Every structure is written in structure tokens, then in C-alpha cells.
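Enquirer: I'd like to ask you about the structure that follows.
The values are calculated or read from the model by the stated rules, or taken from the named source; none is laboratory data. Every value quoted in this text rests on a predicted model; they were computed, and no experiment measured them. Neighbour counts are summed over all protein chains in view; Cβ atoms, including those assigned to glycine, are modelled from backbone coordinates with ideal geometry. Each accessible area value is taken on the protein alone, full model and side chains, heavy atoms only, with ligands, DNA and RNA left out. Shrake-Rupley method; radii C 1.70, N 1.55, O 1.52, S 1.80 Å.
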Amino acid sequence: MNQTLIQEILEVVEQAAIASAKLTGLGQKDEADAAAVEAMRLRMGKIEMKGKIVIGEGERDEAPMLYIGEEVGSGNGPGVDFAVDPCEGTNLCANNQRGSMAVLAASDTGGLFNAPDFYMNKLAAPPAAKGKVDIRNSATENLKILSDCLGLSIDELTVVVMDRTRHKDLIKEIRGCGAKVQPISDGDVQAAIACGFAGTGTHCLMGIGAAPEGVISAAAMRALGGHFQGQLVYDPAIAQTSEWADYTKEGNIKRLNEMGIIDIDKIYEANELASGENVVFAGSGITDGLLFDGVKFERDCVRTSSLVISTLDSTARFTNTVHIKDGAKSISL
């Protein structure tokens, strides 16, 4: 992992975002995802590295590219593991709603938790609350701690929660404390990372989302010094999703055990989900969001807005890039 590689990783998410953004608002979520996957894979293939996808689009028989275990890059250079989500928030992209982005986390070989395709209960909070809030606490307890850490009254706090049936009681409890709830339909990675920056209006992320995206969020929050914890959810009665309609708690436990996860109730800290010596997060907006703008198509150029967070030099770089088209005559500021 080095600075040259980080620049190329930025270009990976930029190209994925551009490819997906061409389909924004057309109602074609699968096509938008496929376009992002193809663009991300193509750009990764040009990097001098021994890359491997540890979290991707599924198993090899389910995904033609960026499948779990796929080797990417030239085959020469540093060993790098990737957790990727080429179009995070496919529904958001398809419906031209806020918060869709191309995103990935990268680390030295073996530095990212190979999260199963399960759900995960998550808690993200600002650096001031790191190690003080705890996912084992009730929402009420964590809001009181967060209030003290940030020097804000509880009614000044905003908590992002996925708008799902399973969160009915959680939302009720948060509002009962006086805090504000910001429901989101999809895409909790950007919401988690926004907790790491003051001034975003987002103070905490609570609730259950996808486990693979939890690893990407953890990588970013580790690099930012923010708080992130995750605990796998395996009980269909808790997940309350139609995707698990035919699953059983016992069957899911067996699946986890077969994957080598024996301590199924373990609470993972950010430095366990992203444990590598060097960790990098990169995201590029497909649509406008909390942290950056979406792709803008102009006559002579395409504009992207991105964020790269790195432990290599303890930086968070917000980057606006102008991709100049062939034959361009006028590039506006």
C-alpha cells in the first residue's frame, strides 16, 4: 500500500460512479449495478498489485466479476485485499435519490474481515464518543453518553436509521428520548461515515443493515478515529426481511459455523473488521449525498466528487475531478 496505489484506488471508484450515473433515474437498478461492476473491474485490472476481492458481488457462480476470491490487478506489486460495493444504493441510483455512491475499502493482505452475506447490527458515532458509547447499551443510554461527549442536548442529536419494519421500536425509543431520527431507505455506508465529521448534521447511526457494508464503514471510521461496532444478525425474526422468508435461525447458525464463525454473537470493533496495518476507504458520489455530490455530466467534461480516507498519512481527502472529454472546447469552473 502506497500513495500511488491510493490515487489509482480513487480512479477506480470514480470510473464506477460515472458508469452507474449514466443510468441514474431510469429505474434500472440491476443495469446500473452491472455498469459500475464492469467499470470498477476494468480499472482495477490496470493496477500494479496482487489484489483480491474478499467482499464483493457474491460467489463465483453468482457474479461474473468482482466475485469473492477473484484476483484483480496485474499480479505484480503489493498484496491488497478489497471490500467493494460498486453501486451502493442501487435503488437510490435507479430512482435518482440522494446517497448512492461507488465505494470500496482496501487493506494489506488479510486486513479485512471476510463478512458473510448476513445482516449486521451497527453503531457508528463521532471520534469524541469512541469507546464510550457501546452497542450493548440501549439507544437511550447511548444517546445520553453521546450528548455528554459532544456537549449537545439530546434534542439536538440526529440519528440515522434504516427505514425498516425491524426498527419500529428503535425509532420509537430514539424519538422518546427527544432526539431526531433521519430515516434512510438504503445506503448506510455514507451515513456511518458522516458521523465521523462534525458539521454534517449526522451524529449517530443505529440499527441493522448489510454486514459486508459494515466492513467498509468500519474501515473508514477506523481511519477517521471514529466509533464503529458491528454484531452479526442471524435470526430471521430479528432481521424481518422477505429475503430470509425461507431461512431459519438454526440454519443460519449452521451457515456461519461452516464459514468458520463460531462465536456468532461476537461484537466486532472497527479495528477487528479492518485490522490491516494500512487501511484505505474510497467513495465517489453517484447521486448527491451527505458527504459529496453525484456525477455531473456536462458538454465537454464529466465531474466527480469523491472522498479518500487513509491511515497511511492520516488524511481525509475530498476530491473534485474534471474528466475532460476528447475535443473539449470549453471547461467551466
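Enquirer: Report for segment 26-158 the percent antiparallel among DSSP-assigned beta bridges with both residues inside it, nearest 5.
Expert: Counting only bridges with both partners in segment 26-158, antiparallel ones make up about 65 percent.
Enquirer: Give, rounded to the nearest 20 debye, the magnitude of the charge dipole that segment 119-251 has about its Cα centre when Lys and Arg contribute +1 at Cβ and Asp and Glu contribute -1 at Cβ.
Expert: Once rounded to the nearest 20, the dipole reads 300 debye.
Enquirer: Kindly list the residues of segment 24-58 that lie in the label zone of residue 2, defined by a backbone N under 20 Å from the point 7 Å along the Cα-to-C-beta vector.
Expert: Of the residues in segment 24-58, 44-52 have backbone N under 20 Å from the label point off residue 2.
Enquirer: For segment 99-173 and segment 272-333, what is the separation of their Cα centres, given in Å?
Expert: 24
Enquirer: Sticking with this one: Determine the order of 323, 227 by accessible area, beginning with the largest, at a probe radius of 1.4 Å.
Expert: Accessible-area ranking of 323, 227, largest first: 323, 227.
Enquirer: Specify the angular offset, from 0 to 90 degrees and rounded to the nearest 10, of the alpha carbon long axis of helix 29-44 from the longest principal axis of the alpha carbons in the chain.
Expert: For 29-44 against the chain, the angle is about 60 degrees.
Enquirer: So for the pair residue 312, residue 333, with labels modelled 7 Å out along Cα→Cβ, what separation do we get in nm?
Expert: 3.1
Enquirer: The list (i) 42, 24, 16; (ii) 30, 24, 20; (iii) 31, 27, 22 gives values of semi-axes √(5λ) of the Cα gyration tensor in Å, and only one came from this structure; which label was calculated from it?
Expert: The value matching this structure is (ii).
Enquirer: Let me ask something else. For segment 111-117, take each phi angle, set θ = phi - 60°, evaluate the Karplus expression 6.51 cos²θ - 1.76 cosθ + 1.60, and give the result in whole Hz per residue in order, putting x for glycine and proline.
Expert: Rounded to whole hertz, the list is x, 10, 5, 7, 5, x, 6.
Enquirer: Right, next: Report, to the nearest 10°, how far helix 249-258 tilts away from the longest principal axis of the Cα atoms in the chain, using its own Cα long axis and a range of 0 to 90°.
Expert: 50
Enquirer: So what are the ³J(HN,Hα) numbers for segment 221-238, from phi and the Karplus equation (6.51, -1.76, 1.60; θ = phi - 60°), rounded to whole Hz, Gly and Pro as x?
Expert: Each residue's phi maps through the Karplus curve to give 5, 5, 5, 7, x, x, 9, 8, 9, x, 9, 4, 10, 10, 8, x, 5, 8 Hz.
Enquirer: Nearest-5 percent of antiparallel DSSP beta bridges in the chain?
Expert: 80
Enquirer: Which value, in Å² and to the nearest 10, is the accessible area of residue 205 when all protein chains are kept and the probe is 1.4 Å?
Expert: Roughly 10 Å² of residue 205 is accessible to a 1.4 Å probe.
Enquirer: Moving to a separate point now. Under 13 Å from the 7 Å Cα→Cβ point of residue 62, by amide nitrogen: which residues of segment 213-246?
Expert: 213, 243-244
Enquirer: Same structure, new question: Could you tell me how many degrees, from 0 to 90 and to the nearest 10, lie between the Cα long axis of helix 3-21 and the main elongation axis, the longest principal axis, of the Cα atoms of the chain?
Expert: So the inclination is approximately 90 degrees.
Enquirer: Shifting gears a bit: When the helix-only estimate is applied to the chain (DSSP H runs of n ≥ 4, each -39,500 (n - 2.57), divided by the residue count), what is the mean residue ellipticity at 222 nm, nearest 500 deg cm²/dmol?
Expert: -9000 deg cm²/dmol
Enquirer: Summing +1 for each Lys or Arg and -1 for each Asp or Glu, what net charge is found among the other residues whose Cβ lies under 13 Å from the Cβ of residue 79?
Expert: Net local charge, residue 79 excluded: -3.
Enquirer: If you roll a 1.4 Å probe over segment 163-279 with all protein chains in place, what percent of the accessible area is carbon or sulfur?
Expert: Within segment 163-279, the accessible surface is 47 percent carbon and sulfur.
Enquirer: Apply the Karplus parameterisation 6.51 cos²θ - 1.76 cosθ + 1.60, with θ equal to phi minus 60°, to every residue of segment 161-171 and state each ³J(HN,Hα) to the nearest whole Hz, in sequence, with x for glycine and proline.
Expert: Residue by residue, segment 161-171 yields 9, 4, 7, 9, 4, 5, 9, 4, 5, 4, 4 Hz.
Enquirer: Ignoring ligands, DNA and RNA, what accessible area per residue does segment 1-157 give at 1.4 Å, in Å²?
Expert: Heavy-atom SASA per residue in segment 1-157 reads 42 Å².
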